[in-house]
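The values are calculated or read from the model by the stated rules, or taken from the named source; none is laboratory data. Because the structure is a prediction, the values reported are computed rather than measured. Here the Cβ positions follow ideal geometry from the backbone for every residue, glycine too, while neighbour counts run over all protein chains shown. The protein model used for the area step is the full one, side chains on, heavy atoms only, and it has no ligands, DNA or RNA in it. Shrake-Rupley method; radii C 1.70, N 1.55, O 1.52, S 1.80 Å.
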Amino acid sequence: MSDAQAQAVSMDTDDGWNFGVAGAIPVFLNASGHKGARSDDDNQFATRIQSGFNPGNITFSVNAPEQNGVTVSGIFQINHHLQGASVQNDGLFEGRIADIAVSGDFGTFNIGKGFGIFGGSAIADQGSAMGIGRFGGPDAANATLGRIGTGYTYANFNPRITYTTPSLNGLTLKVGLINPEKPSGAPNPEIETTTPRFEGQANYLTEFDGGTLDLWVGGLYQNVDVIPQDFSYSINGWDVGASLSAGGFGLRGAFSQTQSIGSDGLIGIAIDADSGLDQAEADGTQWYGEATYDFGGFVLGGSYGEGAHDETSTDVGGVPENTNQMFMGFARYMATDQLTLMAEFQDFQSDAQADYNAFILGAQLTF
């Protein structure tokens, strides 16, 4: 996820091609206190300069001239995470997007690597999208988690093929085949995922005098076979949400129920368990609510959310009951069209991770 670019560098050719470069560099100063996080079980205080939920990125785009009612475009994004796990020059360097889009009156096909569908609207909250949100501890590396695990499931960047319909009086449908996730921590030869993950979402956007309302509902399904135990299970779920904007006020909320996705909100990846297989058949929920007010270049907001899963035991593992809770208060100020100044406060509590409080200051150059 990235916020809209304030100003992109764009070049048009005489024969109708367009080339563009855009990007963002976010930097945060994070002062946090973590309960019982030291080796002697005492509290630990840390101050770090780090990336946020969205790492630094530069995005290249190319748009071909329309032919026979069809427009073809491509986008390629390179991402740089500032910090490693207490190791300098060890931040992750990656490419999150390499995508071809084919558009026309029929809708849009996206082919390549890009953002997922399930949870894609829930993840657009203002607090974490341009901030930090949940993080793993004093020496957490790379991008943070936003509200992953305290409000929504991560619509990760994956190889996929998706189709989006044209807007039908405000209604759009999006469906896709996503590369399946093999549960983390399990030997690859023991896991078989024969089909892609199926994801879909419907959005209804309506406009009224002074505002908009976006409603959505979505779902996902993926099968996993564990060969040594002759055990099969599915990763599945559904979500609903709404986003209301009226004048300067904004309200947003989302709720989801999942199976085999733990309280960490990561598909197949376990940070609240030893292995992704431990989360097999675990029933989980994610929800959050957010309120904001835009004074015209200065935004104040707050949100609260939870991620949880029930105690579960199967032939391939198990997890105890866990709940993650996070309150966020935040402020954004556009000092210039390119420079945004940010402040954030967090109170995080969990049965699986050390509780912490954090106060964060940040700045982002957007171009």
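Scanning segment 31-65 for residues that are touching a Ser or Thr at 6+ places or on another chain (Cβ under 9 Å) and within 30 Å of Asp14 (Cα to Cα) gives Asn57, Thr59, Ser61, Val62, Asn63, Ala64, Pro65. Check whether at least one residue in segment 208-225 is open to solvent by 30 Å² or more (accessible area, probe 1.4 Å), more than 28 Å from Glu290 (Cβ to Cβ) and in a loop (DSSP other than H, G, I, E, B), and report yes or no. No, segment 208-225 contains no residue that is open to solvent by 30 Å² or more (accessible area, probe 1.4 Å), more than 28 Å from Glu290 (Cβ to Cβ) and in a loop (DSSP other than H, G, I, E, B). Within segment 35-60, take every residue that is under 24 Å from the mean Cα position of the chain (by Cα) and touching a residue at least 60 places away in the same chain (Cβ under 8 Å) and give me the one that is most open to solvent (accessible area, probe 1.4 Å). The selected residue is Arg48. Selection of first residues in segment 292-304 that are under 16 Å from Ser128 (Cα atoms) and of second residues that are basic (Lys, Arg) and part of a strand (DSSP E or B), restricted to Cβ pairs under 6 Å at least 6 apart or on distinct chains, gives the following pairs, ordered by first then second residue: Val299/Arg332. Just one of the numbered conditions (1) touching a Gly at 6+ places or on another chain (Cβ under 6 Å); (2) over 30 Å from Gly176 (Cα atoms); (3) not acidic (Asp, Glu) is not true of Ser61: (2). Those strands (runs of 3 or more DSSP E) of segment 280-339 in which at least 3 residues are modelled with pLDDT of 95 or more and open to solvent by less than 20 Å² (accessible area, probe 1.4 Å), considering only elements entirely within it, cover 283-294, 298-309, 322-334. Filtering segment 62-86 to residues that are touching a residue at least 40 places away in the same chain (Cβ under 8 Å), part of a strand (DSSP E or B) and either surrounded by fewer than 17 Cβ atoms within 10 Å (Cβ to Cβ) or in contact with a helix residue (DSSP H, G or I) (Cβ under 9 Å, 6 or more places away or on another chain) (or both) leaves only Val62. The set of residues in segment 182-193 being in a loop (DSSP other than H, G, I, E, B), over 15 Å from Gln229 (Cβ atoms) and without any contact (Cβ under 8 Å) to a residue 40 or more places away in the chain consists of Thr193 alone.
Condition check: modelled with pLDDT of 95 or more and either farther than 30 Å from Met334 by Cβ or under 23 Å from the mean Cα position of the chain (by Cα) (or both). Does Gln201 satisfy that? Full working, then the answer.
Numbers: modelled with pLDDT of 95 or more: yes; either farther than 30 Å from Met334 by Cβ or under 23 Å from the mean Cα position of the chain (by Cα) (or both): yes.
Yes, satisfied.
Taken together, the residues in segment 240-274 that are assigned to a strand (DSSP E or B) and in contact with a helix residue (DSSP H, G or I) (Cβ under 6 Å, 6 or more places away or on another chain) amount to 2.
Contact map, segment 6-28: first residue farther than 23 Å from Leu365 by Cβ, second residue open to solvent by 100 Å² or more (accessible area, probe 1.4 Å), Cβ cut-off under 9 Å, separation 6 or more or different chains; pairs are Gly16/Glu66; Trp17/Met11; Asn18/Met11; Asn18/Asp12. Note on segment 347-367: among residues that are open to solvent by 40 Å² or more (accessible area, probe 1.4 Å) and out of contact with any Leu (no Cβ under 8 Å at 6 or more places or on another chain), the one that is nearest to Tyr304 (Cα to Cα) is Asp347.
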